[in-house]
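As structure tokens, the structure follows; a few thoughts come after it.
The values are calculated or read from the model by the stated rules, or taken from the named source; none is laboratory data. Worth saying up front: this structure is predicted, and the values here are computed from it rather than measured. Note that each Cβ is placed from the backbone with ideal geometry, even for glycine, and that neighbours are counted across all protein chains shown.
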Amino acid sequence: MSKLIPGLTMIPLALFCNLASAQDVLGKSQDPAATVSNAAAPKTPAIKTVTNFSQALRCMDELFLAYGKNGIVVTSTGIPDETGKVRTGTKEMLITAIAKMTVKSNAFEFIDFHGGGDDLARLFDTKGQSMMKIPDYYIRGSITQMDDNTIRKNSGFGLAAAFFDFGFSSDASYDLISMDMSIGDAATRKILPQTSTSNTMVIIKTGKSGEAGGKLGKVGLSFNLDFSRSEGLGATTRTLLELGLIETLGQFTQVPYWRCLDADITNPVIREQALETYETLKENERITFVQRKLGGSMNRYNGPIDGKMNDTLKDAILEYQAQNNLVADGRISFDLYASLLDDIQNNLAYVPSTPPAKTAAARPIPAPAPAPVALPPPQAVPAAAFRVNLDSDKGSKPSYKVGEFLNMSLSLTGDGTVYCYYEDINRSVARIFPNQFFGNPTLRSGSTVRLPSGGFRIRFDQPGKERVACIGADRELVVPGNLKGARDLAPLPVRSLDEVVSQYRQGNPTAMSSYVDITVTR
């Protein structure tokens, strides 16, 4: 019989035991909140997101660096789902993938056009539009297909006896998800057909289960097991996006992106994509491609880059075809195009078609001299020859005072590529064009670029002699190995500006240079 004592409350034994257990647990940490938080926390640690193409993204970064691709300004609204079945943050996935491809090369700069009227949008409005770069290209695409249970397989069997029964079943289903992607020109909104890609992946869902039962005397026993596996839709979407981005940006920049996919130009899929690109090119674009390839690092062609067939180009094609086991007919075909895409093959097949002395005479590069030399002597270069024009706001022999800023202009007499370098009074040399604000070394004929361009300026801080030199050609310039991937205004591993020009001359016998000597006074 229970007896109540004044001031005490009767507590059931079970509740008392529960309270005692809780007190034992809480007593160990001395902090009930911390104990509850630890109990509710996930036990599996966070891990970095790694996909099948993580290494390929780093490989693309190295390719962009090797081929001098940098400062290409792009944007995107993401890769929306047109099927309504996939809900993932594709814009953030895209930004992350591009970031991994530009760690060393700075090949692409992604501009975020954020909206929505939130605090971030108001911050952008406060900063104003003047500081924002305008993208030249945009990435678009969508998840175009999502088929559930495209294929489904089921199988099973069972066994029954008087005292025991057993059953087993398995099933598998396959879903298809497709993503299309391309790049458009921001100025005209024209989609560049050679950049379009489409990829499909299969999502596998499998399940296995077993069930058994039996009877021992009057006691019945039963058990069941279930083993199921389902590949994640979000992870599949990220993998598809990274693959599409590698192919799209690779085709856009015309780098051998298939190397990063452990494939080569003989791979049927890669070859089919190359054929699609080849068929979208016009005749003059195909000729220009061959002219630039044979006239660049291969040094086989030294004629004009004008998209027109000529005898010099035909001879260069014949020589290349004969040495690479192609039909030597001097014509531009897909086999020639595919072979020229493979730059490893190009390097192995490199044999100058013209003696260096003859090449140098055809397009001379004036040797650097102490006196200012803005252009080669008129009598040494035909009137129609390609020229690099470099000038300053104070004439061809500028004199600046300490505290003033360098102000120069650059132009070409024809379409081509150009690189500019600056040497200070200590003979430290740095690249000033192209740069992060003007990342494309290609200039159109007659267009003028201010040097330095974009968001930085060069201010003279002490008196002395300084120089600027620009090296250009009417074809793709081969950047010397020790000058690739240089950052803006970062000192280069050379002794002087003359050494830079000399290195360019070795790999680009048709290049032209222009110098301006600068005097700085107090």
Q.
Take residues that are touching an Asp or Glu at 6+ places or on another chain (Cβ under 9 Å) and modelled with pLDDT of 85 or more and tell me which of the helices (runs of 4 or more DSSP H) falling wholly in the range 205-306 contain 1 or more.
A. 233-253, 283-295
**Q.** Hey, residue 429 closer than 19 Å to residue 65 by Cα and at pLDDT 90 or above or not
**A.** no
(Q) Quick check on my filter: what residues within the range 307-335 are outside any helix (DSSP H, G or I), within 22 Å of residue 417 (Cα to Cα) and of a type in the set (A, V, I, L, M)? (A) 309
**Q.** Subset of the range 288-338 (residues that are crowded, with 16+ Cβ neighbours inside 10 Å, more than 18 Å from residue 475 (Cα to Cα) and touching a helix residue (DSSP H, G or I) at 6+ places or on another chain (Cβ under 6 Å))
**A.** 324, 326, 330, 332, 338
(Q) If I filter the range 25-46 for residues that are acidic (Asp, Glu) and either in a helix (DSSP H, G or I) or at pLDDT 75 or above (or both), do I get at least one hit? (A) no
Q) Hey, among 134, 143, 98, which residue is assigned to a loop (DSSP other than H, G, I, E, B) and modelled with pLDDT of 70 or more? A) 134
Q.
Between a residue in the range 190-217 that is in the same structural domain as residue 165 (by TED's automatic domain parsing) and any residue that is of a type in the set (S, T, N, Q) and at pLDDT below 70, which pairs come within a Cβ distance under 6 Å, given they are 6 or more apart or on different chains?
A. 205/230; 207/228; 211/224; 213/222
Q: Would you check if there is a residue in the range 69-78 being free of Cβ contacts under 8 Å to residues at least 24 places away in the same chain and assigned by TED's automatic domain parsing to the domain that holds residue 147?
A: yes
**Q.** Residue, farthest from residue 433 (Cα to Cα), within the range 72-95, restricted to residues that are part of a loop (DSSP other than H, G, I, E, B) and of a type in the set (Lys, Arg)
**A.** 85
Q) Does at least one position in the range 482-498 carry a residue that is in a strand (DSSP E or B) and in contact (Cβ under 8 Å) with a residue 12 or more places away in the chain? A) no
(Q) With the requirement that a residue be more than 24 Å from residue 477 (Cβ to Cβ) and at pLDDT below 85, what does the range 66-85 give you? (A) 81, 82, 83, 84, 85
